[in-house]
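Below you'll find the structure, written out as structure tokens, and then a few comments.
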Amino acid sequence: MAGSEVTRPLLEVENLRVELATRSGLVHAVDGVSFHLEAGETLGIVGESGCGKTMTALALQRMLPRPGGRIAGGAIRLGGEDLLAKSEAEMRDIRGRDMAMILQDPMSSLNPVMSIGAQVAEPIRAHQRPTRDGLHAAVLRMLDAVRIPSPAARAGDYPHQMSGGMRQRVVGAIALSCRPRLLIADEPTTALDVTIQAQYLALLKDLQRDTGVAMILITHDFGIVAKMCDRVAVMYAGRIVETADVRTLFDRPAHPYTRALLEALPSMEQRSARLMVIDGQPPDLRAPPSGCRFAPRCTLATTACLAEYPAATTLSPGHVAHCIRAGAP
Ligand SMILES: Nc1ncnc2c1ncn2[C@@H]1O[C@H](COP(=O)(O)OP(=O)(O)O)[C@@H](O)[C@H]1O
Ligand SMILES: [Mg+2]
């Protein structure tokens with residue numbers, strides 16, 4: 001990179017489109033999504049269930065459901081390299097070494113018949129070719145880094161011998177064991193109870209500070225966004241409707257959908273997994289409407305909103321919203 005004057009973002013996603021062929025028709029799960037991520041930065045992706053967050057995350061790893069899922073268009077560049085041009089073998093290398101993912105349900109990403117130590121060792125062995133002693137030490141270091149007490153004693157445990165919170169820590173250890181530059185965490189704490197959730201988020205933050213890993217944190221919880229993220233992208237019906245740094249988004253939300261989400265934010269006492277409620281349903285992604293996709297649920301909508309998809313309005317540097325009223329007095 002020496003000599004280059006403009007450093008590129010770590011991750012650049014341009015006009016990404018994901019299609020899922022289902023028995024009931026073609027689902028346009030992600031329909032023209034663009035965003036970028038700087039090294040070490042945390043971007044939150046928020047939105048109601050079904051708006052395309054998980055498919056966006058899976059597309060970045062080229063791990064869409066098969067058969068049926070495909071990247072139908074757009075570009076994904078990691079460290080300037082075009083991920084859509086990589087072979088399957090090259091992608092396998094990139095996954096785990098350069099980017100890693102933490103999923104909502106730790107049980108689904110752990111092997112029930114393999115000790116946790118062996119599972120943490122696997123990616124290290126695959127990507128770093130360490131010596132036997134070096135591998136053992138690296139495994140214990142990772143278990144220690146995710147604050148698993150007495151790692152040497154626990155390394156031989158199987159997932160069912162651990163609590164949900166401890167299992168999610170193991171998933172974190174596996175994801176970070178090769179020091180990826182990018183970590184994608186898809187609702188990583190939804191399955192955990194509130195106290196364990198707070199501990200896990202604090203842990204992720206510590207690990208990020210120590211390793212400098214950039215993070216995409218997918219959540220439906222703005223409380224988590226406030227605690228964890230630098231910037232946020234609000235997704236609705238397969239598209240990003242508003243992006244801003246976290247402070248700006250909370251102080252001056254411009255899109256009625258963002259405002260509705262913020263108004264639906266439960267108080268700390270009431271917080272539970274799925275309290276976000278806005279009247280009406282998101283549109284059917286087999287046949288999304290041509291105008292603003294939120295218009296049918298928007299209290300401010302006019303006929304103009306139904307005519308065509310609203311262009312991007314830049315409200316301040318880095319603050320962009322797709323609403324014809326954004327920026328209007
Ligand atoms: N395996 C699948 N097969 C068919 N459609 C799916 C599948 N997974 C998700 N979808 C559809 O794709 C769209 C986006 O889903 P998803 O990315 O999982 O949303 P989110 O993570 O925001 O809740 C939704 O309309 C959902 O119904
Ligand atoms: Mg999801």
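Each reported figure results from applying straightforward, stated rules to the coordinates on display, with no laboratory input. This one's a predicted model, so the numbers in the text were calculated from it and none came from an experiment. Because the Cβ atoms are built from the backbone with ideal geometry, glycine has one as well, and the counts that use them run over all protein chains shown.
Would you calculate the volume per residue, in Å³, of the smallest convex hull containing every Cα atom of segment 72-211?
Working: hull volume 18.1 nm³, N = 140.
So the per-residue Cα hull volume is 130 Å³.
Can you list the DSSP H helices in the chain whose Cα atoms extend at least 24 Å along the helix axis and whose mean Kyte-Doolittle hydropathy is 0.5 or higher? Don't skip to the answer; put the middle values down first.
Values: long enough: 194-211 (25 Å, -0.06).
None pass (Cα extent of 24 Å or more, hydropathy at least 0.5).
Which stretch or stretches of segment 133-152 have amide N atoms under 16 Å from the point lying 7 Å from Asp210's Cα along the Cα→Cβ direction?
137-152
Suppose each label sits 7 Å from its Cα in the direction of the beta carbon; what would the Ala152-Glu81 distance come out to in nanometres?
Rounded to a tenth, the inter-label distance reads 3.7 nm.
Suppose the chain between Ser49 and Val113 were pulled fully straight at 0.36 nm per residue; how much longer would it get relative to their current alpha carbon spacing? Each step should come with its number before you reach the end.
Values: separation 64, 0.36 × 64 = 23.04 nm, distance 3.19 nm.
That pair, Ser49 and Val113, stretches by 19.9 nm at full extension.
Would you mind getting me the FRET efficiency between Ile278 and Thr303? Use the beta-carbon distance for r and R0 = 35 Å, nearest 0.05. The partial results should precede the final answer.
Details: r = 21 Å, r/R0 = 0.61.
Efficiency for this residue pair is about 0.95.
Can you give the direction-averaged projected area of the convex hull of the alpha-carbon atoms in the chain, in nm²?
Values: hull surface 75.0 nm².
Averaged projected area of the chain's Cα convex hull equals 18.8 nm².
Which FRET efficiency value, to the nearest 0.05, do you get for Met63 and Arg125 by plugging their Cβ-Cβ distance into 1/(1 + (r/R0)^6) with R0 = 30 Å? Write down the numbers at each step before the final one.
On the way: r = 21 Å, r/R0 = 0.70.
The formula returns an efficiency of 0.90 here.
I want the local charge near Lys86. Using Cβ-Cβ distances under 14 Å, sum +1 for each Lys or Arg and -1 for each Asp or Glu among the other residues.
That sum, taken over residues with Cβ under 14 Å, equals -1.
For segment 1-86, what is the per residue volume of the convex hull drawn over the alpha-carbon atoms, in cubic angstrom? Walk me through the numbers on the way to the answer.
Details: hull volume 8.6 nm³, N = 86.
Once divided by residue count, the hull of segment 1-86 is 100 Å³.
Can you sort Ser108, Ser316, Ser34 by how many other beta carbons sit within 10 Å, fewest first? Please list the in-between numbers first.
Working: Ser108 9, Ser316 12, Ser34 17.
By the 10 Å Cβ count, ascending, the order reads Ser108, Ser316, Ser34.
For Lys227, go through the lysines and keep the ones whose alpha-carbon is under 26 Å away, minus same-chain ones fewer than eight residues off.
Lys53, Lys205
In percent, what relative contact order does segment 85-221 have, based on Cα pairs under 8 Å that are 6 or more apart in sequence?
Working: 187 pairs, mean separation 45.6, N = 137.
Over segment 85-221, the number comes to 33 percent.
Let me check against my output: what whole-number percent is the relative contact order of the chain, with C-alpha pairs under 8 Å and at least 6 apart?
20
State, to one decimal in nm, how far the label point of Glu38 lies from the label point of Ala198, with both points 7 Å from Cα in the Cβ direction.
3.0
Sort Phe222, Phe294, Phe35 so that the residue with the fewest other Cβ atoms within 10 Å of its own Cβ comes first and the one with the most comes last. Display every interim value, and only then the final one.
On the way: Phe222 23, Phe294 27, Phe35 19.
Going from sparsest to densest Cβ surroundings: Phe35, Phe222, Phe294.
What is the spin-label model distance, in nm, from Arg259 to Glu90 if the labels are put 7 Å beyond Cα along the C-beta direction?
For the pair Arg259/Glu90, the computed spacing is 4.6 nm.
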